[in-house]
Amino acid sequence: MLEKGVMFQKGQVTVFIIIGICILALFGGIYFLTDLFSHYIDSSVDVESFNNVQLFIDSCLATSSEHGVREVLAQGGYGDVLEAGSVLKFPQGGDDVLVLPAYFDAGFVRVPTLSEIQHNAEERVARDFLRCVDSFETLKMQGYTIEASDPLVRLQFESSATKVFLQYVLVVTLGSSTKELNNFEYTMSFAFPQTYNAVRQFLVNQSMVPSEFLVTGLSDAVLNTSGSFGFSQTGDQGRDVLVQFRTAVDNPIVYQFGLTYDFDEDELVEEKIKPILSDNSGLIDRSVIEMDFLPEWNISKNGVFHYTPTVRGEGLSYSLDTKAIEIDAVTGEMTAYSSKLPNDEYEFILTVEDKFHSIASQPLYLNVRVVNETVPAIVPISRQIVERGTRLQVPVVLHRQVADIFEEAVYSVDAPPIFVIDSATGVLTARAIGEDAGNYSVRVNAYTSSWNTWYRFEVEFK
């Protein structure tokens, strides 16, 4: 009996051990599955949370880009109007006064370069962006830990849009998860170079007749843009002029500046043009650098081409903002190789500095449209004048010097959305109604895997 009791107790102990092991295994399995499921849920939440950080940065970049570009252009392209040296004050009612740079001052032109305007806009966007981010206080309250580099903003005015690039390294931590975010981008449907170049051309023409306000030149300047302009005059004999260019959108971007005239001046200014002069003092030296207007440079065949600008001054040195064209730093002679320049429209900035460290800059417009045995030409298209509501139809035709050696071309168009081109046949169509009336500069393109070409022409919807 004693042996049986001992054996029964031993059996009970063995059973309890087995049951304990089973229970331990059961709870261990439950804990493992629960931890795994919880980790899966947390991970999915983290992914969505990181997306929220991305959306937050994208939103701040969009807001600061729109505001920053508007503010700079509303100040004539300057981050601080007082940097312009010569300024004008326009009463706005009550005690309000609008202070703007004088692009034209009794015969002398002072305009910031496109690169300077881009730089000023970059600085303003970066400042507005940091204000919007606000040290991530909102995100920190939600449990995020964020380490951030200094924001680096790069803005690019393109022919059809304005692009803002942000290099901003973020290390975002939420719970046990960490993710790095870095490059961001925002695109504004706003094309500034065309308006800027039109204003420059107006100022070039105005400098030739400094004692008269060439108001018709302003209307000519806006013909090839999709926006509008307005002006108002103040001062003695209306000598101070406020000029505003507006984009054709519901919430227009306003590019504005001032002009001032000496209508009592009997002697005309002898200089042909003094564009975009600047120095460290912010004052214009009227006798240091004189640069003639740079005409468009057109290249239509293979080869090496040279052009030397006409500039007068002492101890001049020349430079270009590109390596696609060679330039002699002493003589200013520029050398272009068609083999290094694909068919396209280019804009470069020529900068001249004299021994007094004064600087003059002008844009150099280069049109490369090489035609040879393997690259066809687009048959020239004349200016099209169409009644509003009437359908425009223009075939884009290739002139092939050697028949049957080309693969089928693909066609595209660079123009507002009312213009549509059949990519296979090259037939361009458009119909303007209501606010679409006006003048348009239209570029058509034809290309294959081995060549490309283009042609630009004007369309007016009356």
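Compute the length gained on full extension between residue 324 and residue 228: take 0.36 nm times their separation in residues and subtract their Cα-Cα distance, giving the result in nm to one decimal.
Working it through step by step, the gained length comes to 31.1 nm.
Considering Cα pairs under 8 angstrom that are at least six residues apart, work out the relative contact order of the stretch 276-370 and quote it in whole percent.
Numbers: 202 pairs, mean separation 34.5, N = 95.
Dividing the mean separation by the residue count of the stretch 276-370 yields 36 percent.
Over all distinct alpha-carbon pairs, what is the Kirkwood Rh of the stretch 77-121 in angstrom? Don't skip to the answer; put the middle values down first.
On the way: mean 1/r = 0.0867 Å⁻¹.
Evaluated over the stretch 77-121, this radius sits at 11.5 Å.
Can you tell me the length gained on complete extension of the stretch residue 180 to residue 429, counting 0.36 nm per residue apart and subtracting the Cα distance? Don't skip to the end; give the middle numbers.
Values: separation 249, 0.36 × 249 = 89.64 nm, distance 4.68 nm.
Computed gain between residue 180 and residue 429 is 85.0 nm.
List the pairs from 301/355; 163/340; 89/323; 301/323 whose alpha-carbon separation is above 30 Å, in the order I gave them.
Numbers: 301/355 38 Å; 163/340 26 Å; 89/323 41 Å; 301/323 21 Å.
301/355; 89/323, as the Cα separations exceed 30 Å there.
What are the principal axis extents of the Cα atoms in the stretch 338-454, in Å, biggest first?
Its Cα atoms span 58, 44, 21 Å along the three principal axes.
Where nothing but the Cβ of Lys and Arg (+1) and of Asp and Glu (-1) is charged, how large is the charge dipole of the stretch 377-461 around its Cα centre, in debye to the nearest 20? All intermediate terms of the calculation are to be shown ahead of the outcome.
Values: 7 positive and 10 negative charges, 31 e Å.
Once rounded to the nearest 20, the dipole reads 160 debye.
Once both labels are modelled 7 Å past Cα along the beta-carbon direction, what's the residue 447-residue 97 spacing in nm?
About 5.2 nm separates the two model spin labels.
Calculate the FRET efficiency for residue 127 and residue 373 from the Cβ-Cβ distance with a Förster distance of 45 Å, rounded to the nearest 0.05. It would help to have the intermediate numbers written out before the result.
On the way: r = 54 Å, r/R0 = 1.21.
It comes to 0.25.
Based on alpha-carbon positions alone, could you give the equivalent ellipsoid semi-axes of the stretch 276-370 from the gyration tensor, as √(5λ), descending, whole Å?
In descending order, the three semi-axes are 28, 12, 10 Å.
Laboratory data are not the source of any read-out in this text; all were calculated from the coordinates shown. Here the structure is a predicted model, which means the values were calculated and not measured. Every residue, glycine as well, gets a Cβ built from its backbone with ideal geometry; the counts of neighbours run over all protein chains shown.
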